[in-house]
1. Between Arg318 and Gln267, what FRET efficiency follows from the Cβ-Cβ distance if R0 is 41 Å, with the result rounded to 0.05?
2. Please give me the summed charge of the neighbours of Ala291: other residues whose Cβ is under 13 Å from its Cβ, Lys and Arg +1, Asp and Glu -1.
3. Where in the chain lies the longest segment free of trypsin sites (Lys or Arg not before Pro) that are both loop residues by DSSP (not H, G, I, E, B) and have at most 12 other Cβ atoms within 10 Å?
4. Using a Förster distance of 25 Å, how high is the FRET efficiency between Asn124 and Asp62, based on the Cβ-Cβ distance and rounded to 0.05?
5. Students often get this wrong, so check it: of Lys77/Lys261; Lys117/Lys140; Lys122/Lys278; Lys86/Lys355, which have C-alpha atoms separated by over 21 Å?
6. Taking the chain as a Gaussian network, Cα atoms linked when under 10 Å apart, which of Ala285, Ala24, Ala67 shows the biggest mean-square fluctuation?
7. Given the whole protein assembly as supplied and a 1.4 Å probe, what does the accessible area of Met79 come to in Å², nearest 10?
8. Excluding ligands and nucleic acids, what accessible area in Å² is computed for Thr230 using a 1.4 Å probe, to the nearest 10?
Amino acid sequence: MPDSSPPVTHDVVVVGGGPSGRIAALRLAQLGLSTVLIAPELRRVDGRTTALWQKSISLLDDIGVWADLAGNTAPLKKMCMIDDTKRLIRAPEVVFDASELELNEFGFNILNSDLNKALEKKCNSQGNLDCIIGSAETVKYSETLVDVHASSGNQARARLAVAADGRNSMLRQAAGIEVKTWSYPQEAVVLNVEHRLPHQSTSTEFHTRTGPFTLVPLPGRQSSVVCVETAQGARDLISMASTDLELELEKRAHSVLGSFKLASEIQSFPLSGLNAHKLTGQRLALVGETAHVFPPIGAQGLNLSLRDIHDLTSVIQRGLLRHSDPGDPAILMSYEQSRMRDIRLRTNAVDALNKSLLTSFLPVQVARSIGMYMADRVGPFRRFLMREGMAPSVGFRIPG
Ligand SMILES: Cc1cc2nc3c(=O)[nH]c(=O)nc-3n(C[C@H](O)[C@H](O)[C@H](O)COP(=O)(O)OP(=O)(O)OC[C@H]3O[C@@H](n4cnc5c(N)ncnc54)[C@H](O)[C@@H]3O)c2cc1C
């Protein structure tokens, strides 16, 4: 009897309109796979900025969006960490310099609004890529394919679904993939400021008792501020009059950049954590915050997500040479194996650093101070930390 079921419409369906979804869709389409992206329209302006390390910048360059962005980004040449906990045991100041790794810069800081716009523009003109504006409403996985219905009424039938639909992912839940979630008693208050003194391409992170207070360079005499505070502290900052807020932020920055003038709206993001127990299911791969969420410390989140996308597309590309389909279980297993360790390590390191700031437990403060002291004084350890901060340096072979 002839098969009467509707044919496969695409090789891959990607769900999610954040940076992970769009970058994954572009990369897959550029590998020659017919791809469809289901993503809602960008509505809320994202006032954050994202520091991306060299490998992430290379990926943006490979997919053809870096040229559009580069003119309005700021290089990150030095990173300075200052213990501002005012506790009895305090760590020494540590400055990491990209030149010690023979690099011009560790990476670049990019406005999220610019990144999102550039990605959306590229997706709309990319060959092999169809864009459906809307949300994925239902998904059905089977041994050979996956069906996704969108709120627009469109249906995509593909060999693989890439879930980039964020921390509350419908695709992940429908596949029955369990997650561990946790929360932090903190929010990240985010805004941009103009300042009197030049930032000299240096990002400065003050470690305070409520979390990091970070100044990240933007073009000219501007920086983005990420201030991790208690929920009440965040509310207090948000409700301040502009001039009071400028003075308060300058005080917290110890005037290292002189006086501040607000240069954007203020937004806040409650902090939480999430780890998916698995990165794959039948005809499904998770990338980005669909698989892992942690606090914005050390600029790790999207950099980690871009390594997910790099590894997923690399195993698919290799599989295609052997005529495999992109949702083949062997390909998905290779992806799972290549990513788990990096994800667990980053999640645990960021969680531990954040908690070490909140606790007044003396042994933890001593351990953090020793770590910072070694980072300051011991050259090989220092260079290891710098490399490891940008990408895993050991043992991350993509299984063949
Ligand atoms: C204050 C702050 C500062 C940060 N700074 C940095 C930094 O400097 N460097 C760094 O590397 N990382 C940083 N991060 C982390 C980074 O912002 C995140 O890792 C990144 O935004 C995650 O992108 P994503 O695409 O995976 O998820 P999201 O941005 O959450 O995207 C998910 C998308 O899926 C869409 N969606 C949801 N449901 C559906 C559905 N059913 N159908 C279709 N679409 C759906 C949503 O609308 C959304 O567009 C920071 C985070 C915060 C909070």
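1. On the way: r = 41 Å, r/R0 = 0.99.
Rounded to the nearest 0.05, the efficiency is 0.50.
2. Numbers: positive: Arg167, Arg172, Lys180, Lys278, Arg307, Arg339, Arg344, Arg346; negative: Asp165, Glu178, Glu289, Asp308, Asp311, Glu336, Asp342.
Its environment carries a net charge of +1.
3. On the way: sites that count: Arg43, Arg44, Lys86, Arg196, Arg322, Arg397.
Counting at most 12 other Cβ atoms within 10 Å as exposed, the longest clean stretch of the chain is 197-321.
4. Values: r = 19 Å, r/R0 = 0.75.
E between Asn124 and Asp62, to the nearest 0.05, is 0.85.
5. On the way: Lys77/Lys261 24 Å; Lys117/Lys140 31 Å; Lys122/Lys278 31 Å; Lys86/Lys355 16 Å.
Flagged as over cut-off: Lys77/Lys261; Lys117/Lys140; Lys122/Lys278.
6. Between Ala285, Ala24, Ala67, it is Ala67 that shows the largest mean-square fluctuation.
7. Roughly 40 Å² of Met79 is accessible to a 1.4 Å probe.
8. Surface accessible to solvent at Thr230 totals approximately 60 Å².
The values are calculated or read from the model by the stated rules, or taken from the named source; none is laboratory data. None of the values given here were measured: they were computed from a predicted structure. Cβ atoms come from the backbone with ideal geometry, glycine included; neighbour counts cover every protein chain shown. Surface accessibility is based on the protein's heavy atoms, side chains included, excluding ligands, DNA and RNA. Shrake-Rupley method; radii C 1.70, N 1.55, O 1.52, S 1.80 Å.
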